[in-house]
Each structure stands twice: as C-alpha cells, then as structure tokens.
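The values are calculated or read from the model by the stated rules, or taken from the named source; none is laboratory data. Worth saying up front: this structure is predicted, and the values here are computed from it rather than measured. Ideal geometry is used to build each Cβ from the backbone, glycine not excepted, and the neighbour counts take in all protein chains shown. Note: areas computed on protein heavy atoms with side chains; ligands, DNA, RNA excluded. Shrake-Rupley method; radii C 1.70, N 1.55, O 1.52, S 1.80 Å.
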Amino acid sequence: MSVQENIEQQRAAALEDSPYRRDSWVGEDETDRPRGHDPAEFDYHAERAAHVAHQYLKETSQRLLCPITLNADPGADESIHDANHAVELSEPEVHLPLQTSEEYGGKPLEYGQNPNRVRYNPEYGYIVGPQIPDRPTPQFMSVLDDLLEHWRDELDLRDGEVDKLRRDGHRLKQTGERDVTIVATLVEDVTSDEPLIE
C-alpha cells in the first residue's frame with residue numbers, strides 16, 4: 001500500500017468515527033433563508049434616485065405627515081390611534097438614546113444619545129420618518145420647474161431635454177403617480193448614461 005492510499009484510508013476511518021461534521025463548508029443542502037444580507041435585488045441607481053427625490057421634496061414641502069396615523073389600520077398591532085387622519089410631525093428635535101443592546105449590533109459599553117434628532121407625532125407620540133404629501137398639480141409643476149432649472153444650469157441640459165423631462169413629469173402626475181416617484185423617475189432619467197432625447 002502506498003503512502004497516499006494509507007492517508008486516504010486513515011481519513012475515511014476518521015470521518016466515520018468523528019462526532020463532528022466533515023462535509024463541505026459550502027454545503028450541498030443550501031436553504032433559502034437569508035444569510036445576513038437583503039436577499040432582494042438592489043439597484044443602487046434607483047435607490048439613490050429615490051433618496052434624492054425624497055430629500056428634495058422633503059426640503060420643499062410645507063407639511064410632513066405621520067405615515068402611521070395616515071396609513072396604518074387603527075388599533076392594529078401596536079398602533080394607538082383610533083382613526084386614520086393627517087397629523088403633522090414636529091421639527092427634528094428628539095434625541096434618541098443610542099442602541100446599547102448587542103442583539104441589535106450595539107456595543108455593550110455605548111452610552112449617551114444619538115447625535116441626530118428625529119421627528120415625532122405630537123398627538124400620539126409615534127417617532128417616525130415623514131410621509132411627504134402630494135401637492136396639487138400646479139404646485140408640483142412649480143417645484144418641478146425649479147428643479148429642472150437647476151439641472152439645466154448644473155448638468156448643461158438643452159431646452160429640448162428640459163421640455164421632455166417637464167412633459168414626462170406632467171404626464172406621470174396626470175396618471176396619479178406619487179410626487180416622490182415622479183421626481184425619482186426623472187432623477188434616474190437625467191443621471192443615466194442613456195440620452196434623454198434620441
């Protein structure tokens with residue numbers, strides 16, 4: 001018997017007697033459970049466009065509403081409101097304590113508070129991010145025109161490109177799209193590598 005055959009025979013015998021699994025770390029029996037990352041597809045360009053649209057419309061909005069009292073079922077889960085209605089959120093003024101639980105990724109020695117202030121619902125106390133209400137068409141088009149003028153200067157857009165973006169925004173508004181979705185779509189269009197006008 002050769003040395004190589006002897007080693008293989010010893011490994012086989014050790015694997016049979018071992019209380020520990022010796023199969024592949026990668027494994028043949030993969031499960032569908034997520035492994036620490038979001039299993040959904042992630043489109044950075046679209047996510048960035050949605051973030052820019054949300055920030056722009058939030059800064060130009062006169063009202064920021066609580067999404068829980070506006071949309072969540074009254075009395076469902078842990079909601080405490082009794083009817084859906086619009087409640088304006090406070091200015092960012094509440095400092096939340098830092099998360100100190102290791103279960104949520106906090107370090108056991110963290111203390112103090114988060115440096116970023118958050119908004120809250122003064123009527124029910126919900127601490128939430130804002131929902132930006134849709135504007136009437138004339139107001140939305142005025143905000144969109146300001147954005148398009150900025151893009152004309154910053155991105156050197158031609159008149160035809162600006163007109164096309166304005167028409168697209170107006171068409172989407174007429175079909176009932178949310179304002180944030182419309183602006184995100186236009187941000188994607190203007191920042192993509194594809195030409196705006198063919």
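For region 159-180, filtering for residues that are free of Cβ contacts under 8 Å to residues at least 12 places away in the same chain and under 26 Å from D193 (Cα atoms) leaves 5.
Within region 120-135, residues that are within 12 Å of V87 (Cα to Cα) reach partners that are assigned to a loop (DSSP other than H, G, I, E, B) and open to solvent by 50 Å² or more (accessible area, probe 1.4 Å) with beta carbons closer than 7 Å, at six or more positions or on different chains, in the pairs Y124/I80; P133/R63. Quick check on region 57-65. Is at least one of its residues touching a strand residue (DSSP E or B) at 6+ places or on another chain (Cβ under 9 Å), assigned to a loop (DSSP other than H, G, I, E, B) and at pLDDT 70 or above? Yes, some residue in region 57-65 is touching a strand residue (DSSP E or B) at 6+ places or on another chain (Cβ under 9 Å), assigned to a loop (DSSP other than H, G, I, E, B) and at pLDDT 70 or above.
Being open to solvent by less than 90 Å² (accessible area, probe 1.4 Å), in contact with a Leu (Cβ under 6 Å, 6 or more places away or on another chain) and closer than 26 Å to Y44 by Cα narrows it down to one of L144, L165, so name that one.
Numbers: L144 fails: in contact with a Leu (Cβ under 6 Å, 6 or more places away or on another chain).
After applying the criteria, what remains is L165.
E41 meets all of the listed conditions (1) open to solvent by 50 Å² or more (accessible area, probe 1.4 Å); (2) at pLDDT below 90; (3) more than 17 Å from the chain's Cα centre (by Cα) but one, namely (3).
For region 173-189, taking the residues that are closer than 19 Å to D43 by Cβ and touching a helix residue (DSSP H, G or I) at 6+ places or on another chain (Cβ under 6 Å), the one that is surrounded by the most Cβ atoms within 10 Å (Cβ to Cβ) is identified as V183.
Determine whether region 163-177 contains at least one residue that is on the phi > 0 side of the Ramachandran plot and within 23 Å of the chain's Cα centre (by Cα).
Our first condition is that a residue be on the phi > 0 side of the Ramachandran plot; within region 163-177, this holds for 176.
From what's left, within 23 Å of the chain's Cα centre (by Cα): 176.
Looking through region 163-177, at least one residue is on the phi > 0 side of the Ramachandran plot and within 23 Å of the chain's Cα centre (by Cα).
Determine if region 66-73 includes at least one residue that is surrounded by 11 or more Cβ atoms within 10 Å (Cβ to Cβ), at pLDDT 65 or above and not in a helix (DSSP H, G or I).
Just the residues of region 66-73 that are surrounded by 11 or more Cβ atoms within 10 Å (Cβ to Cβ), to begin with: 66-70, 72.
Then drop every residue that is not at pLDDT 65 or above, which leaves 66-70, 72.
Add one more test, that the residue is not in a helix (DSSP H, G or I), and what stays is 66, 72.
Yes, some residue in region 66-73 is surrounded by 11 or more Cβ atoms within 10 Å (Cβ to Cβ), at pLDDT 65 or above and not in a helix (DSSP H, G or I).
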